[in-house]
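Visitor: Okay, here's the structure, questions in a sec.
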Amino acid sequence: MSIDLTAANAELAGKTPHEIIAWAIAHSDKPLVTTNFRPYESVILHMAVQVKPDIQVLWVDSGYNTSATYRFAEKLIKDLNLNIHTFIPQMSAARRNVLMGGIPDVDDPQHDEFTRQVKLEPFQRALAELKPDLWLNAIRKDQTEFRQSLDIVSASKDGIIKVAPLFNWTEADMDAYLAEHNLPNEHDYFDPTKALETRECGLHTQL
């Protein structure tokens, strides 16, 4: 698909997340929404299925999630009747832990390879198999310094249009939406590719 990013961002400035999602779905033949079932993920998932109930939902399960995250994921998949596609790393966490001596620290030379194995490779494999032309994600500009340089609509290195409907929302906006729609949330979450929440995992910097 071909989208003029500058024109699209000008058009969507000031629009609500619902309006942005509706715009994205209308401009896409094969949209996808990605999730890692981190805190507040029920917001983007609930919004997406309101517009397109059968939208493809991609979850790259690193194998390192907390028990609470897995329970949260199962509840949302059932409650929202998600059309979920789960992709996992090619190597089990148990085997990798032996070979790498556990999860490498961010300053360990093995950390980049660890991130590639548990997140980037399965994600790229998923995109190759599912072949979306548009990728809805839940990034917000107040999350990291890098994300402040982005915009609502951007393009991946492979040309997939990336749309962030919640880009201008704050955590207070998210809390209000959860309360309004009686949606679950789960803060017991762990991303093995990050040491801090302000770090990027690589999906939005490398893809």
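Visitor: Looking at E41 and the list (1) surrounded by fewer than 21 Cβ atoms within 10 Å (Cβ to Cβ); (2) touching a strand residue (DSSP E or B) at 6+ places or on another chain (Cβ under 6 Å); (3) acidic (D, E), which single condition is not satisfied?
Guide: Unmet condition: (1).
Visitor: Within the stretch 26-35, identify whether any single residue is over 11 Å from the mean Cα position of the chain (by Cα) and among the aliphatic types (A, V, I, L, M), and answer yes or no. Please lay out each step first, then the result.
Guide: We begin by selecting, within the stretch 26-35, every residue over 11 Å from the mean Cα position of the chain (by Cα); these are 26-31.
Now restrict to residues that are among the aliphatic types (A, V, I, L, M): 26.
The answer is yes, given that some residue of the stretch 26-35 is over 11 Å from the mean Cα position of the chain (by Cα) and among the aliphatic types (A, V, I, L, M).
Visitor: OK, next. Would you mind stating whether A22 is farther than 22 Å from E180 by Cβ and either in a helix (DSSP H, G or I) or touching a His at 6+ places or on another chain (Cβ under 7 Å) (or both)?
Guide: Criteria not met by A22.
Visitor: Identify the single condition in (1) out of contact with any helix residue (DSSP H, G or I) (no Cβ under 8 Å at 6 or more places or on another chain); (2) closer than 27 Å to G63 by Cα; (3) of a type in the set (A, V, I, L, M); (4) modelled with pLDDT of 90 or more that L136 does not satisfy, given that it satisfies every other one.
Guide: That leaves (1) as the condition not met.
Visitor: When you go through H18, H27 one by one, which is the residue that is in contact with a strand residue (DSSP E or B) (Cβ under 8 Å, 6 or more places away or on another chain) and open to solvent by 40 Å² or more (accessible area, probe 1.4 Å)?
Guide: Being in contact with a strand residue (DSSP E or B) (Cβ under 8 Å, 6 or more places away or on another chain) and open to solvent by 40 Å² or more (accessible area, probe 1.4 Å) holds for just one of H18, H27, which is H27.
Visitor: Grab the strands (runs of 3 or more DSSP E) fully contained in the stretch 49-164, keeping just those with 1 or more residues being open to solvent by less than 30 Å² (accessible area, probe 1.4 Å), in contact with a Pro (Cβ under 8 Å, 6 or more places away or on another chain) and closer than 20 Å to N9 by Cα.
Guide: In the stretch 49-164, the matching strands (runs of 3 or more DSSP E) lie at 134-136.
Rundown of residues vs (1) within 25 Å of T170 (Cβ to Cβ); (2) out of contact with any helix residue (DSSP H, G or I) (no Cβ under 6 Å at 6 or more places or on another chain), yes/no style:
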position: H27; (1), (2): no, yes
position: F37; (1), (2): yes, no
position: V51; (1), (2): yes, no
position: G63; (1), (2): no, no
position: S67; (1), (2): no, yes
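Visitor: Still on this model: Residue check, A68 against (1) farther than 23 Å from S156 by Cβ; (2) more than 20 Å from the chain's Cα centre (by Cα), all met but one. Which one?
Guide: Looking at each condition in turn, A68 falls short on (2).
Visitor: Next up: Going by the structure shown, is I44 under 15 Å from N137 (Cβ atoms), part of a helix (DSSP H, G or I) and not basic (K, R)?
Guide: Yes, satisfied.
The values are calculated or read from the model by the stated rules, or taken from the named source; none is laboratory data. Bear in mind the structure is a predicted one, so any value in this text is a computation, not a measurement. A quick note on method: Cβ atoms are made from the backbone with ideal geometry, for glycine too, and the neighbour counts reach across all protein chains shown. We work out accessible area using only protein heavy atoms, side chains counted, and drop any ligands, DNA or RNA first. Shrake-Rupley method; radii C 1.70, N 1.55, O 1.52, S 1.80 Å.
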